[in-house]
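The values are calculated or read from the model by the stated rules, or taken from the named source; none is laboratory data. What you see is a predicted model, and the numbers here were worked out from it, not measured in a lab. As a convention, Cβ positions derive from the backbone with ideal geometry for all residues, glycine included, and neighbour counts pool all protein chains shown. Just the protein is used for accessible areas: all its heavy atoms, side chains included, with ligands, DNA and RNA removed. Shrake-Rupley method; radii C 1.70, N 1.55, O 1.52, S 1.80 Å.
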Amino acid sequence: MSVKIIVDSASDIKVEAAKEQGLLFAPLKTVLAGEEYRDGIDITPDAFYDKLQANKELARTSQVNVGEFNALFEEAVKEGDEVLVITISSGLSGTYQSASIAAAAYPDKVFLVDSLSATAGEQILIAHAIALRDAGKSAAEICAELNELRKKARLFLRVQTLEYLKRGGRVSKTAAFVGGMLHFMPVLTLNGEGKLETVGKARGVRMSHKMMNDAVKAAGGIDFSYPVAITYAGDLSDGTVKSYLEDSKEIFGENEKGIMIGQLGCVIGTHTGPGAIVLSFIPKA
């Protein structure tokens, strides 16, 4: 009996990469300009950010529903597999709740992990889960280890503009206007309940990098024996991630090549807008 791992699209793992690693993929949806897109399937991040900037209306996201999870569980269990599901934080989406409802029909077959995170934060748990699966661990064993690891994992997010937080009602129009005039770039984190909290507002790119790095150091620094992930809301070749890495040698040292770097997708990108950078890691302390 093998372990089938199911991930959702809020992890920002591409469909092709999921298939290569033997993962099943559950897409959330994004509604923009009256069109619904299955995240990671019907629209690419590049096309999404172009559309997002071209439209002034609020984009919306919706969770993976119970029926979609049930179909995935049924497929895996029919093949005799145990199932491990890793979802976006229950503090950000109802996807974990949908998975829980569907899993009730498969006792001792389907095991759930609420990542309490998203995007790069999900990725580091998924990478660790794959390593445990390949080492022959059962779904129950992997689930137990991930539920402990998620308590240690940290995520920091730098937002380039307040516009999309304003659209989502997380900041007022006045705060967004003043922040834009002063070039404020908020740095956010996810708390122990998997909900967003503000670390601070930095003025300009360099100061935002410093605020991110100070937060990493305050968390205990990075344990590079675990996966480390960065996701970026934009074209990975535009130099933004390179600039961040150059400003962050004090926290990465000689470990840059081992960092998983990818695009921030539509689900979290709806709320951050383009230009956001996310870093997730397991602290040393």
In segment 79-103, which residue that is out of contact with any Asp or Glu (no Cβ under 6 Å at 6 or more places or on another chain) and polar (S, T, N, Q) is surrounded by the most Cβ atoms within 10 Å (Cβ to Cβ)? SER89
Is at least one residue of segment 52-72 at pLDDT 95 or above and small (Gly, Ala, Ser)? yes
Considering only segment 180-237, how many residues are part of a loop (DSSP other than H, G, I, E, B) and not charged (D, E, K, R)? 18
Collect the residues in segment 210-225 that are touching an Asp or Glu at 6+ places or on another chain (Cβ under 8 Å) and open to solvent by less than 40 Å² (accessible area, probe 1.4 Å), keeping them in residue-number order. ASN213
Within segment 33-52, considering residues that are part of a strand (DSSP E or B) and surrounded by 13 or more Cβ atoms within 10 Å (Cβ to Cβ), the one nearest to the chain's Cα centre (by Cα): ASP39
Applying the selection to segment 138-149, what residues are open to solvent by less than 60 Å² (accessible area, probe 1.4 Å) and in contact (Cβ under 8 Å) with a residue 12 or more places away in the chain? SER138, ALA139, ALA140, ILE142, CYS143, LEU146, ASN147, LEU149
Filter pass, TYR106 being closer than 22 Å to ARG133 by Cα and open to solvent by 10 Å² or more (accessible area, probe 1.4 Å): yes
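Inspect all residues belonging to segment 104-124 and state whether any of them is out of contact with any helix residue (DSSP H, G or I) (no Cβ under 9 Å at 6 or more places or on another chain) and touching a residue at least 24 places away in the same chain (Cβ under 8 Å).
No; the residues of segment 104-124 include none that is out of contact with any helix residue (DSSP H, G or I) (no Cβ under 9 Å at 6 or more places or on another chain) and touching a residue at least 24 places away in the same chain (Cβ under 8 Å).
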When segment 53-103 is checked residue by residue, the ones that are more than 27 Å from LEU132 (Cα to Cα), part of a loop (DSSP other than H, G, I, E, B) and either of a type in the set (S, T, N, Q) or touching a helix residue (DSSP H, G or I) at 6+ places or on another chain (Cβ under 6 Å) (or both) are ASN55, LEU58, ALA59, GLN63, ASN65
